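Novice: I'd like to ask some things about the structure below.
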Amino acid sequence: MKTYKPTSPSQRHTKTINYRDYLTTDSPLKSLTKGGKRSMGRNNTGRITSSHRGGGNKRLYRDVDFSYLKRDIPAKIASVEYDPNRSSFISLAVYKDGEKRYVLTPKSVKAGDTFLTSETAPLTPGNRVPLRAVPVGTFVYNIELKPGGGAKLARSAGNFAEVVAHDAGNAQIKMPSTEVRKVSDRCWATIGEVSNDEHKLVEYGKAGRSRWRGIRPKVRGTAMNPVDHPYGGGEGRQGRGLRRPKTRHGKVTGGRKSRTPKKYSNPFIVSRRRVGKNRKAKN
């Protein structure tokens, strides 16, 4: 991590990633980028559905390949780049037939390395194979939920999932959330871990850096008026005055289960994720 001289109160606490140690270029490939307008926390009717979002710097979208449909064609990592739209680094992969695509960068993989998407690929970081070919105890990321559906699981910085069992055409995957779920062993996954595992150690240091990222201020419910929040109003500093904690919309939180009782994925869950006080407990 990179620290700064305490020339100001914010500099004293700022910690950032030393990108020079990882990145090889600062300009993306133009043919794999495009513009667009971000939702800023609003739905298609303009209503705010995710609060505390808005503003921020413009972002150029990088078209990252999560399908990996180019099978049995070796690819070489030409560069490792920063992507403002995700927490991990991305790499420009140049396939042997000349096609270029962006992919997520695995940990410990650098420019000049090669990878292969194949059913017979060796189990080295960056290679992509079906789950049925992955032995128990191996770390994987970029996992498909349905065969050919593209990578959906374990994609953020420093993340990985562990193959813990094979059973009746399914692989049991231990997710970063500690949940264990079944995934068809015909689904594909990439060997290794996602790059930029220091992302969780970053400290913004000042409010302005949050605004650059499109994160708006968060106001306490007790500081609002009664019309704006169930905790609002009262003379001076008041308690919430409610038996159970609630959101600004009046929904009970802090203990109530919010998962859909008949969710489609229930049959695939082997063991639920640990939450609350038991989250850091050992297996």
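Novice: Being charged (D, E, K, R) and out of contact with any Lys or Arg (no Cβ under 7 Å at 6 or more places or on another chain) narrows it down to one of R216, R243, so name that one. It would help to see each step written out before you state the result.
Specialist: On the way: R216 fails: out of contact with any Lys or Arg (no Cβ under 7 Å at 6 or more places or on another chain).
Result of the check over R216, R243: R243.
Novice: Please find, within the range 242-255, the residue that is farthest from H52 (Cα to Cα) out of those that are loosely packed, with under 10 Cβ neighbours inside 10 Å and without any contact (Cβ under 8 Å) to a residue 12 or more places away in the chain.
Specialist: Only one residue tops the list, namely R243.
Each row is one residue, and each column tells you yes or no for (1) out of contact with any Ser or Thr (no Cβ under 9 Å at 6 or more places or on another chain); (2) modelled with pLDDT under 95; (3) more than 30 Å from E119 (Cβ to Cβ).
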position: T16; (1), (2), (3): no, no, yes
position: G46; (1), (2), (3): yes, yes, yes
position: G55; (1), (2), (3): yes, yes, yes
position: R59; (1), (2), (3): yes, yes, yes
position: I77; (1), (2), (3): no, no, no
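Novice: Across the range 88-124, what is the total count of residues that are within 18 Å of D197 (Cβ to Cβ) and part of a strand (DSSP E or B)?
Specialist: The qualifying residues number 5.
Novice: Right, next: Return the residues of the range 251-266 that are assigned to a loop (DSSP other than H, G, I, E, B), under 22 Å from G221 (Cα atoms) and either among the β-branched types (V, I, T) or in contact with a Pro (Cβ under 9 Å, 6 or more places away or on another chain) (or both); say none if nothing qualifies.
Specialist: T253, G254, G255
Novice: If you scan the range 1-56, which residues turn out to be more than 20 Å from the chain's Cα centre (by Cα), of a type in the set (A, V, I, L, M, F, W, C) and over 24 Å from N196 (Cβ atoms)?
Specialist: Across the range 1-56, the qualifying residue is only I48.
Novice: Testing G205 on (1) surrounded by 12 or more Cβ atoms within 10 Å (Cβ to Cβ); (2) more than 17 Å from the chain's Cα centre (by Cα); (3) on the phi < 0 side of the Ramachandran plot, one condition comes back false. Which one is that?
Specialist: Going through (1) surrounded by 12 or more Cβ atoms within 10 Å (Cβ to Cβ); (2) more than 17 Å from the chain's Cα centre (by Cα); (3) on the phi < 0 side of the Ramachandran plot one by one, G205 breaks only (3).
Novice: Of the residues that sit in the range 114-132 and are hydroxyl-bearing (S, T, Y) and touching a residue at least 24 places away in the same chain (Cβ under 8 Å), which one is surrounded by the most Cβ atoms within 10 Å (Cβ to Cβ)?
Specialist: T117
Novice: Evaluate the range 9-16: report whether one residue or more is surrounded by 10 or more Cβ atoms within 10 Å (Cβ to Cβ), closer than 27 Å to A111 by Cα and not polar (S, T, N, Q).
Specialist: Yes: the range 9-16 contains one or more residues that are surrounded by 10 or more Cβ atoms within 10 Å (Cβ to Cβ), closer than 27 Å to A111 by Cα and not polar (S, T, N, Q).
Novice: Residue by residue through the range 68-87, note down the ones that are surrounded by fewer than 17 Cβ atoms within 10 Å (Cβ to Cβ), outside any loop (DSSP other than H, G, I, E, B) and of a type in the set (A, V, I, L, M).
Specialist: Residue satisfying the conditions is A78 alone.
Results for (1) modelled with pLDDT under 95; (2) of a type in the set (K, R); (3) touching a helix residue (DSSP H, G or I) at 6+ places or on another chain (Cβ under 6 Å), shown as yes or no for each residue.
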{"site": "R211", "(1), (2), (3)": "no, yes, no"}
{"site": "R216", "(1), (2), (3)": "no, yes, no"}
{"site": "G239", "(1), (2), (3)": "yes, no, no"}
{"site": "K246", "(1), (2), (3)": "yes, yes, no"}
{"site": "K257", "(1), (2), (3)": "yes, yes, no"}
{"site": "R274", "(1), (2), (3)": "yes, yes, no"}
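Novice: Which residues, taken from the range 37-64, are in contact with a Leu (Cβ under 9 Å, 6 or more places away or on another chain) and either exposed (fewer than 15 other Cβ atoms within 10 Å of the Cβ) or over 22 Å from T105 (Cα atoms) (or both)? Working first, answer last.
Specialist: Taking the range 37-64 and keeping what is in contact with a Leu (Cβ under 9 Å, 6 or more places away or on another chain), we get 62-64.
Answer for the range 37-64, where residues must be in contact with a Leu (Cβ under 9 Å, 6 or more places away or on another chain) and either exposed (fewer than 15 other Cβ atoms within 10 Å of the Cβ) or over 22 Å from T105 (Cα atoms) (or both): just D63.
Novice: Pairs please, first residue from the range 258-272 and surrounded by 12 or more Cβ atoms within 10 Å (Cβ to Cβ), second anywhere and modelled with pLDDT of 90 or more and of a type in the set (D, E), Cβ atoms under 9 Å, 6+ apart in sequence or on different chains.
Specialist: Once the first residue is surrounded by 12 or more Cβ atoms within 10 Å (Cβ to Cβ) and sits in the range 258-272, its partners that are modelled with pLDDT of 90 or more and of a type in the set (D, E) give I269/E179; V270/E179; S271/E179; R272/E179.
Novice: Suppose the filter is in a loop (DSSP other than H, G, I, E, B) and touching a residue at least 24 places away in the same chain (Cβ under 8 Å); does R59 pass it?
Specialist: Yes.
Novice: I'd like to verify a number: residues in the range 167-185 that are more than 14 Å from F139 (Cβ to Cβ) and out of contact with any helix residue (DSSP H, G or I) (no Cβ under 7 Å at 6 or more places or on another chain), how many?
Specialist: 10
Novice: Which strands (runs of 3 or more DSSP E) sit wholly inside the range 155-198 and have at least 3 residues that are crowded, with 22+ Cβ neighbours inside 10 Å? If you could, list the steps in order and put the result at the bottom.
Specialist: Working: elements: 161-167, 170-174, 180-184, 188-191.
Of the strands (runs of 3 or more DSSP E) lying wholly inside the range 155-198, those with at least 3 residues that are crowded, with 22+ Cβ neighbours inside 10 Å span 188-191.
Novice: Restricting the search to the range 174-232, which residues are over 30 Å from L69 (Cβ atoms), hydroxyl-bearing (S, T, Y) and free of Cβ contacts under 8 Å to residues at least 60 places away in the same chain?
Specialist: Step one: list which residues in the range 174-232 are over 30 Å from L69 (Cβ atoms), which gives 178, 198, 200-232.
Still in the running and hydroxyl-bearing (S, T, Y): 178, 204, 210, 222, 231.
Within the range 174-232, S210, T222, Y231 qualify.
The values are calculated or read from the model by the stated rules, or taken from the named source; none is laboratory data. This structure is a prediction, so every number in the text was calculated from the model and none was measured. Cβ atoms come from the backbone with ideal geometry, glycine included; neighbour counts cover every protein chain shown.
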